[in-house]
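Single-structure report; data block below.
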Amino acid sequence: MTDSPSSAPSPGTALPDLAAAAAGVAALLPGVRDDRLDDPTPCPDYAVREMLAHLLGLATAFRDAGRKETGPTTATPPDAAGPGLAGDWRTALPERLGELVAVWRRPDAWEGMTQAGGVSLPGAVAGRVALNELVVHGWDLAVATGQPYDVDEASLAVSREMLTPTGDDSLRDAIFGPVVPVPDDASPLDRVVGLSGRRPDWRAAHTS
């Protein structure tokens, strides 16, 4: 992927803020019980513990991508086997989410090229990918652990824009499955979930 004039935010354009989406993920963590770590999630290859490890990994990768500190954390493909869930995840993940938010509040994070998941991409795209990852995987974690999940409209708008097929969907198709149709009266969150290739009515076998 090569840089282009459209890769950088236009002067005066408000940049997406990752704070609300990150806070939504962090709010779920106290409700994740240790005896639910092996429960399934809407991602067939991820149990709850793998989803938490993935969230920690992506927060690290996109933090470093925003800093333009490319290396092992940004070069690893998202489907590569990770080190597993760290024992301190309950404190490490909120801390990493806070660092992620702070980095992407800097205008220079959105400028130029960077790397995430082993892919070179414009910073303006990477920041939106990071936000969408928080939104979608936050939903994964919420429904897997039987918790309510609210997402702000601004974050959902970024996800909708990223996930809606346009005819040039190589990046989208590399990460997400085919779009799942939803009813005309579906909520904005359900629409994003369907666009991400998930069934909005997915539920864990037990939620107590």
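None of the figures in this text is laboratory data; all of them are computed from the coordinates on show. In this text the structure is predicted, and so the values were computed from the model without any measurement. Virtual Cβ from ideal backbone geometry, glycine too; neighbours counted across all protein chains shown.
Near Ala116, the amide H atoms lying under 5 Å from its own belong to Leu121; only residues 5 or more places off or on other chains count, and H is placed 1.01 Å from N. A simple spin-label model places pseudo-atoms 7 Å from Cα toward Cβ; at Arg90 and Asp184 they are separated by 4.8 nm. Taking GluC sites (Glu not before Pro) across the range 52-156, none is in a DSSP loop with at most 11 further Cβ atoms lying within 10 angstrom of its Cβ. An oblate overall shape is assigned to the range 88-208, the ratio a/c of its alpha-carbon gyration tensor axes (a ≥ b ≥ c) being 1.5 or greater and a/b not exceeding b/c.
Between the range 51-100 and the range 144-169, the C-alpha centres lie 20 angstrom from each other.
For Pro183, what charge total do you get from the other residues with a beta carbon under 14 Å from its beta carbon, if Lys and Arg give +1 and Asp and Glu give -1? With Lys, Arg at +1 and Asp, Glu at -1, the neighbours total -2.
Remark: relative contact order (the chain) = 26 percent; criterion is Cα-Cα distance under 8 angstrom and separation of 6 or more residues. The simple Förster model, with R0 at 25 Å and r as the Cβ-Cβ distance, assigns Lys68 and Ala157 a FRET efficiency of 0.40. Seen from Thr60, the other residues with C-beta closer than 9 Å to its C-beta sum to a net charge of 0, counting Lys and Arg as +1 and Asp and Glu as -1.
Shown for the chain are the DSSP H helices of 30 Å or more along their axis, judged by Cα atoms, with a mean Kyte-Doolittle hydropathy of at least 0.5: 123-144.
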